[in-house]
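Participant: Below: one structure in structure tokens.
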Amino acid sequence: MRGAQVAPLRTAPAGLTDALDVVAGFDDALIDGFGRVGERGASALAAFADALTGTPLGGPVAVAVDAVVAGSVAPQHLAALAGARSALLGAAHDALLRQLDETLGRTRSSWTTPTSVPPEAPAALAGARAWWHEVALTGWRGVDHELLSVAAGVVETSLLVPELRRVAVLLDGLAAELRACVPVATMARVPARRWADLWARGVLLAEGTPPPEATPSVSGRLLPLGVDVHSHDTAVQIQLHAILEPADGGPARLVRTAVTAAKVDTIVGPAIWRLLSHHPALLTALADKRALTMTDLPLRGGDLGWVDDRVRLDEPADPFATARVLLPAATTAATDPLDRHPAGIAEPVLVEGPVIRDEAGALAVEVDGERIPLAVDRLPAAGPLTVDLVATASASLGLLRWDDDRWQLQPLAVLGTVKRRTVPAHNGDWACGVTDPKIAKEEARAGDAVAVLRERAGRLLRR
């Protein structure tokens, strides 16, 4: 971001606040359910319908809101409401990303609309549609164990159909989250935005989606920038942001790729890397700062599909050097419409300059006289980055995100100061084992939870 004029990022795009307020009103109405909409909920839904007036969704949404208020909501009405909510958040996403691209001088390709016609929906989707419909009528405060037990059957049926895996995983995850919160009616604060995001996506997925267009493949050299680590009780995913240099000599492109593994809640911290040991080339590239040569990897938009046997290790490649030389001119792809949401924005940037700590102790970086807060709450326990180390940074490589109504920088790597020496530290440094002697000793004392669980699982399977 050297030389970038970031002052425009201080002001939200026109209409953004209004759009988010309308969505918030919709989400509040969903808390109590569409089966018993009160005066406040009816007003929020009316405002929601007004926001879509003059758009292709205006008519269907107005009909759907009238049906909800009249107490005669049908599945097609919920599909219209879910689509409209996603469209509003998608418009917010596009406005923020356009503002960011103009600030960074980043070129982004346009999205190509699929021309294929959706196939006939599998019969298993009927159960998923019925469950999302019941949740909408009941509202989050009315969710109980009986409703969640129905979800288990829908998940089991959906998992038998390969093309419904996304539906099943989404429904299973939300049901588990709700189960942990029952009775929701006693919660002091319901995570209305998050649950409504999942509900809307579930409703749209249950409507069926067009078969994917023929996915092009790409070959070339992949130069890592940084890795974002997502770890939850039941799963871990590492998402690599990188620069792709195509073998055909085309322009450098910003891409990302991810690998995932199932886990249990007792596997935390650096131990999560052992769950991904079947991706040795990727882990070695992260730990040793090396490029990767790839052959015929599928590429959809800006997302690379990872295939281990089509990737091999290449020469060393310093992520900070890659960011300085290639990132400013790299092009990037548009986001899939279903994934367009302000919370999904994660744009790699390099900020060179010291980290600043304000009077309250909050960390930030300064660009063009503007301070950008650091999202240190996103630092993973699986790597060497800590708040204290980040505070000493003279350069930060990270992801610009829109969170809490402002732009924040999530550090993926820093040039920090340790014992008066400048040292690089990256989220993926421990991908092949902990390099900090103190942390390694603690890990050894705690034992290898992954090995123990695998041994127990193997013993059960042999019985």
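The values are calculated or read from the model by the stated rules, or taken from the named source; none is laboratory data. Treat the numbers as computed from the prediction; the structure is a model and nothing was measured. Every residue, glycine among them, receives a Cβ derived from its backbone with ideal geometry; neighbour counts consider all protein chains shown.
Participant: Answer yes if at least one residue in the stretch 152-159 is on the phi < 0 side of the Ramachandran plot, among the polar types (S, T, N, Q) and either surrounded by 14 or more Cβ atoms within 10 Å (Cβ to Cβ) or in contact with a Phe, Trp or Tyr (Cβ under 9 Å, 6 or more places away or on another chain) (or both), and no otherwise. First the steps, then the outcome.
Facilitator: Pass one, the stretch 152-159, residues on the phi < 0 side of the Ramachandran plot: 152-159.
With the extra rule that they be among the polar types (S, T, N, Q), the set shrinks to 157-158.
Checking the rest, the ones that are also either surrounded by 14 or more Cβ atoms within 10 Å (Cβ to Cβ) or in contact with a Phe, Trp or Tyr (Cβ under 9 Å, 6 or more places away or on another chain) (or both) come to 157-158.
Yes - at least one qualifying residue is present in the stretch 152-159.
Participant: Of (1) free of Cβ contacts under 8 Å to residues at least 24 places away in the same chain; (2) assigned to a strand (DSSP E or B), P348 satisfies all except one. Which?
Facilitator: (1)
Participant: Which ones in the stretch 226-243 are surrounded by fewer than 17 Cβ atoms within 10 Å (Cβ to Cβ) and small (G, A, S)?
Facilitator: Passing the criteria: only A235.
Participant: Among the residues of the stretch 380-402 satisfying the criterion of being more than 23 Å from L327 (Cα to Cα) and not β-branched (V, I, T), which is surrounded by the fewest Cβ atoms within 10 Å (Cβ to Cβ)?
Facilitator: Step one: list which residues in the stretch 380-402 are more than 23 Å from L327 (Cα to Cα), which gives 380-384, 386-389, 391-392.
Applying the additional criterion that residues be not β-branched (V, I, T) yields 380-384, 388-389, 391.
On the way: P380: 20, A381: 14, A382: 23, G383: 24, P384: 23, D388: 9, L389: 18, A391: 18.
The selected residue is D388.
Participant: Right, here's the next one. Is it true that some residue in the stretch 302-312 is free of Cβ contacts under 8 Å to residues at least 12 places away in the same chain, touching a strand residue (DSSP E or B) at 6+ places or on another chain (Cβ under 9 Å) and within 28 Å of H279 (Cα to Cα)?
Facilitator: yes
Participant: Say whether the condition of being among the β-branched types (V, I, T), in contact with a Phe, Trp or Tyr (Cβ under 6 Å, 6 or more places away or on another chain) and in a loop (DSSP other than H, G, I, E, B) is met by at least one residue in the stretch 370-392.
Facilitator: Looking for residues that are among the β-branched types (V, I, T), in contact with a Phe, Trp or Tyr (Cβ under 6 Å, 6 or more places away or on another chain) and in a loop (DSSP other than H, G, I, E, B), one finds none in the stretch 370-392, hence no.
Participant: Could you tell me which of the residues G153, G202 is more than 18 Å from the chain's Cα centre (by Cα), more than 30 Å from D288 (Cα to Cα) and assigned to a helix (DSSP H, G or I)?
Facilitator: Just a single option satisfies the conditions, and that option is G153.
Participant: Pairs only if they're at least six apart or on different chains, beta carbon under 7 angstrom, first in the stretch 326-339 and in a strand (DSSP E or B), second of a type in the set (V, I, T) and exposed (fewer than 15 other Cβ atoms within 10 Å of the Cβ); list them, first residue then second.
Facilitator: Every condition considered, the pairs that remain are T331/T107.
Participant: Among the candidates L286, L275, L299, single out the residue that is modelled with pLDDT of 95 or more and within 23 Å of the chain's Cα centre (by Cα).
Facilitator: Selected residue: L286, the only one of L286, L275, L299 that is modelled with pLDDT of 95 or more and within 23 Å of the chain's Cα centre (by Cα).
Participant: Right, here's the next one. Restricting attention to the stretch 287-325, and to residues there that are in a strand (DSSP E or B) and of a type in the set (V, I, T), which single residue is surrounded by the most Cβ atoms within 10 Å (Cβ to Cβ)?
Facilitator: Among those that are in a strand (DSSP E or B) and of a type in the set (V, I, T), it is V311.
Participant: So E177 ticks every box in (1) over 18 Å from the mean Cα position of the chain (by Cα); (2) under 29 Å from D21 (Cβ atoms); (3) assigned to a helix (DSSP H, G or I) but one. Which box is left unticked?
Facilitator: (1)
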